[in-house]
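These notes are about the structure you will find just below.
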Amino acid sequence: MLTLFQNRPAWRLETSELRVTIMQCGAHVAETVLKRAGGINPLWIPDQPTIDSDQFDPGRDGGRYGDDAEARLISGLLGHNLCLPFWGPPSASEFAAGMTFHGETNIVRWQEVSHTPSSLTIEATLPNSGIRVERSIVCRGPVVFYETTAENLTSWDRPLAWCEHVTVGPPFLAARDTRFYASLLNGFRTGDSATQFLWPQGCSESPCDLSFFGSAHDSELVNSFTVNTNDKLGYFVACNARVGLLFGYAFASSEFPWLNIWESNNQKRRTRGMEFSNT
């Protein structure tokens, strides 16, 4: 049964330890709340209201969300989103045909397959991408398990980009308070692979330490790192000792050998994206 989150249809999983909220449009994970940690949601919730992206109208909504290739995604984006079948911007012709940043998964309405108080299975067909996606989410103790499959509905064998785009935000994300740990190796500034560095070093306009959320305002960076594939599982962990919460993900390093970091600290938003990906 659907409930509402910020006046939008959503599913809610709730146990004695966890509360997890998943949006119907886009299947964004809006909340992952560990109840004994004061009810703090580490995932990013934008300051401005959001809408279901399948209802986005550039003429009506462009003033708030913009009119570029990112606008439809941003209109509904919350927390953790699945980017499929591509990560990053669409081409100019794809944008003209209605595509947005980070793939079609984010702008379609998902359907319920099964739902219990502690588990949910949902599915979506991506009409323009020719893909059917099924995603199962299960709460066990203080852990949330995700299992996702993608089925190619066409006769064409083709590569797909797949990124689990996890974005944390305030109040969990705070300068000097939030530290990051990850099984990462070499990195580079996305779009400029000539300059390389080792985790946790990063680079925006100048070198920076990505093991904590920076205090420099008006900063924006996207850095890409290789995951240590000598270990079966890759991971990232974010920790805020002030609020007493540790939050992270573990994933198969063979399936997601990259982790892309997006950090924004300006008047529009304060975010840190930890995006484990196959690209």
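The values are calculated or read from the model by the stated rules, or taken from the named source; none is laboratory data. From a predicted model like this one, the values you see are computed outputs, not experimental measurements. When we count neighbours, we look across all protein chains shown, and the Cβ atoms used for this are built from the backbone with ideal geometry, even at glycine.
Key figures for this structure:
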{"quantity": "Some residue of the range 71-91 being among the hydroxyl-bearing types (Ser, Thr, Tyr), assigned to a loop (DSSP other than H, G, I, E, B) and either outside the structural domain of Arg132 (by TED's automatic domain parsing) or at pLDDT below 95 (or both)", "calculated": "yes"}
{"quantity": "Output for the range 185-229, where each listed residue is farther than 14 Å from Ser264 by Cβ, out of contact with any Ser or Thr (no Cβ under 7 Å at 6 or more places or on another chain) and not in a loop (DSSP other than H, G, I, E, B)", "calculated": "Asp192, Ser193, Ala194, Thr195, Gln196, Phe197, Leu198, Gln201, Pro207, Asp209, Phe225, Thr226"}
{"quantity": "Options Asp218, Asp231; residue that is exposed (fewer than 15 other Cβ atoms within 10 Å of the Cβ) and at pLDDT below 95", "calculated": "Asp218"}
{"quantity": "Single condition Pro90 does not satisfy, out of (1) without any contact (Cβ under 8 Å) to a residue 60 or more places away in the chain; (2) more than 30 Å from Asp68 (Cα to Cα)", "calculated": "(2)"}
{"quantity": "Which listed residue, of Arg64, Arg60, is among the charged types (D, E, K, R), surrounded by fewer than 22 Cβ atoms within 10 Å (Cβ to Cβ), farther than 23 Å from Pro170 by Cα and free of Cβ contacts under 8 Å to residues at least 24 places away in the same chain", "calculated": "Arg60"}
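Yes/no per residue for (1) free of Cβ contacts under 8 Å to residues at least 60 places away in the same chain; (2) not acidic (Asp, Glu):
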site: Asp177; (1), (2): no, no
site: Asn186; (1), (2): yes, yes
site: Leu221; (1), (2): yes, yes
site: Ser224; (1), (2): yes, yes
site: Leu233; (1), (2): yes, yes
site: Val237; (1), (2): yes, yes
site: Val243; (1), (2): no, yes
site: Ala252; (1), (2): yes, yes
site: Phe256; (1), (2): no, yes
